[in-house]
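Notes to accompany the following structure.
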Amino acid sequence: MRVMTADGEVHRVGPDREPELFEAVVGGYGLLGVVLDVELELVDSEMYRLRSQVVEHRDFPEVFAAQVAGDDAVRLTYTHLSTAPGSLLQEAIVYTYERTGTDEPVPPLRERASDRTSRLVFNLARTGDVGQRLKWGAQKHVLPRVRGCVQSRNEALREMEACMVARNQAMYESLGFLQNRLPQYTDVLHEYFLPHERVVPFLDELRAQLGEHDARLLSASIRSVHREDVVLDYAQGERFSVVLYLSQEVSDAGSTDMASLTRSLVASSLNLGGTFYLPYQQHYTRDQVARAYPRLAEFVATKRRFDPEERFRNSFWARYA
């Protein structure tokens, strides 16, 4: 990439070219300069078979190791966790996209036909316990039947539930289903990164914390991430990313409750050897940032070397650096 630093100089940087600057710019929240352009390596879109299975949360790490990470055919994966009161975070749907070697042509990217249904199902979660149960039931039994699949005739004849999806389509999110027209509520993202063997204790602690706070969990998912050669790396190894989509009341009480929940979950993740994502609401403490990001001092030093007058600033820099 090309980066213009505070003195106006343009640097061409990469993993092997000015790596100190490159590793601070990537994941550096705009504090090192202006990114002018980026050269990316692309991969071809190809057809995958989409499969799903429902598992208990305690079995998830073992299922992931044996059936996902241990299967070279699996190219993409994510997991949805239950938000229903009776099975909150204790039941999960594991989705896998498997390379099949099919000759099925890759179709062009298109809007998902299921967005309207997804939005209806998602917004049910805002209405309370009944809505949460309906949402989880729909995720398990309704959405699989309306999901946009490109199904080849041969696959459909051989396997009644075959669902062929292009890689680009699987990666596509329109975000239309997140529309919220209720001004008394606002939605908040959290993201925590746990060692594989610690994700179950974290989910158990998360369930307990949600019972002590007013914020409502609308969606929870698990993804797989790994370490990168960047200074502010949120995953110091192979990690499960637990992504939470929460709803809070727009009020002082709602904000106070969310701040308390955030600090509790950050503490839980740190105590379990995990980390947390920075760009959301800044309810965490300076000490928590330093524990989660052990190279924070190195990042600050690099920032001050390239931008001694602090031309590039944001709330993270002002509050924590």
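The values are calculated or read from the model by the stated rules, or taken from the named source; none is laboratory data. Remember, predicted model here, so these are calculated numbers, not experimental data. Don't worry about glycine lacking a Cβ; one is built from the backbone with ideal geometry, like all the others, and counts go over all protein chains shown. Areas reflect the complete protein model, heavy atoms only, side chains present, ligands, DNA and RNA absent. Shrake-Rupley method; radii C 1.70, N 1.55, O 1.52, S 1.80 Å.
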Cβ pairs under 6 Å, 6+ apart, first in segment 60-86 and on the phi < 0 side of the Ramachandran plot, second open to solvent by 60 Å² or more (accessible area, probe 1.4 Å) and among the charged types (D, E, K, R): A73/R99; R75/R99; Y78/R223; A84/R133; P85/D129
The residue that is most open to solvent (accessible area, probe 1.4 Å), considering only those in segment 214-238 that are hydrophobic (A, V, I, L, M, F, W, C), under 17 Å from F202 (Cα atoms) and in a strand (DSSP E or B), is V225
Scanning segment 16-45 for residues that are loosely packed, with under 11 Cβ neighbours inside 10 Å and under 18 Å from R227 (Cα atoms) gives D16
Checklist (1) among the polar types (S, T, N, Q); (2) within 19 Å of V26 (Cα to Cα); (3) modelled with pLDDT of 95 or more applied to S224, failing item: (2)
Could you list, in sequence order, the residues of segment 238-273 that are closer than 21 Å to Q132 by Cβ and of a type in the set (F, W, Y)? Y245
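Only one of these is free of Cβ contacts under 8 Å to residues at least 12 places away in the same chain and among the hydroxyl-bearing types (S, T, Y): S255, S241, S219, S247. Name it.
Details: S241 fails: free of Cβ contacts under 8 Å to residues at least 12 places away in the same chain; S219 fails: free of Cβ contacts under 8 Å to residues at least 12 places away in the same chain; S247 fails: free of Cβ contacts under 8 Å to residues at least 12 places away in the same chain.
Going through S255, S241, S219, S247 in turn, just one is free of Cβ contacts under 8 Å to residues at least 12 places away in the same chain and among the hydroxyl-bearing types (S, T, Y): S255.
For every residue, the table says whether it meets (1) open to solvent by 40 Å² or more (accessible area, probe 1.4 Å); (2) polar (S, T, N, Q); (3) modelled with pLDDT under 95; (4) under 21 Å from the mean Cα position of the chain (by Cα).
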{"position": "T262", "(1), (2), (3), (4)": "no, yes, no, yes"}
{"position": "L265", "(1), (2), (3), (4)": "no, no, no, yes"}
{"position": "S268", "(1), (2), (3), (4)": "no, yes, no, yes"}
{"position": "Q281", "(1), (2), (3), (4)": "yes, yes, yes, yes"}
{"position": "L296", "(1), (2), (3), (4)": "no, no, no, no"}
{"position": "A301", "(1), (2), (3), (4)": "yes, no, no, no"}
{"position": "E309", "(1), (2), (3), (4)": "yes, no, no, no"}
A162, sole failed condition from (1) outside any loop (DSSP other than H, G, I, E, B); (2) surrounded by 18 or more Cβ atoms within 10 Å (Cβ to Cβ); (3) at pLDDT below 85: (1)
Say whether the condition of being in contact with an Asp or Glu (Cβ under 9 Å, 6 or more places away or on another chain) and open to solvent by 60 Å² or more (accessible area, probe 1.4 Å) is met by at least one residue in segment 190-211. no
Just need a number here: residues in segment 41-91 that are part of a strand (DSSP E or B) and over 30 Å from A208 (Cα atoms). 8
Consider only pairs whose beta carbons are under 7 Å apart and that are at least six residues apart or on different chains; among these, list those whose first residue lies in segment 1-29 and is within 25 Å of S315 (Cα to Cα) and among the aromatic types (F, W, Y) and whose second residue is outside any strand (DSSP E or B) and open to solvent by 80 Å² or more (accessible area, probe 1.4 Å). F22/P15
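Give the residue that is modelled with the highest pLDDT, with candidates limited to residues of segment 183-206 that are over 16 Å from N271 (Cα atoms) and outside any strand (DSSP E or B). Full working, then the answer.
First pass over segment 183-206, keeping only residues over 16 Å from N271 (Cα atoms): 183-190.
Those still in the list that are outside any strand (DSSP E or B) too: 183-184.
Working: P183: 83, Q184: 87.
Filtering segment 183-206 for residues that are over 16 Å from N271 (Cα atoms) and outside any strand (DSSP E or B), the one modelled with the highest pLDDT comes out as Q184.
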From the residues in segment 51-62 that are of a type outside the set (S, T, N, Q) and open to solvent by 20 Å² or more (accessible area, probe 1.4 Å), which one is nearest to M171 (Cα to Cα)? R51
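Specify the residue that is nearest to L203 (Cα to Cα); the eligible residues are those in segment 92-105 that are part of a strand (DSSP E or B) and open to solvent by 20 Å² or more (accessible area, probe 1.4 Å).
E98
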Consider L143 against the criteria (1) out of contact with any Leu (no Cβ under 6 Å at 6 or more places or on another chain); (2) modelled with pLDDT of 80 or more; (3) of a type in the set (A, V, I, L, M): it satisfies all of them except one. Which criterion is unmet? (2)
Can you tell me how many residues in segment 192-220 are in contact with a Leu (Cβ under 7 Å, 6 or more places away or on another chain) and more than 15 Å from A125 (Cα to Cα)? 10
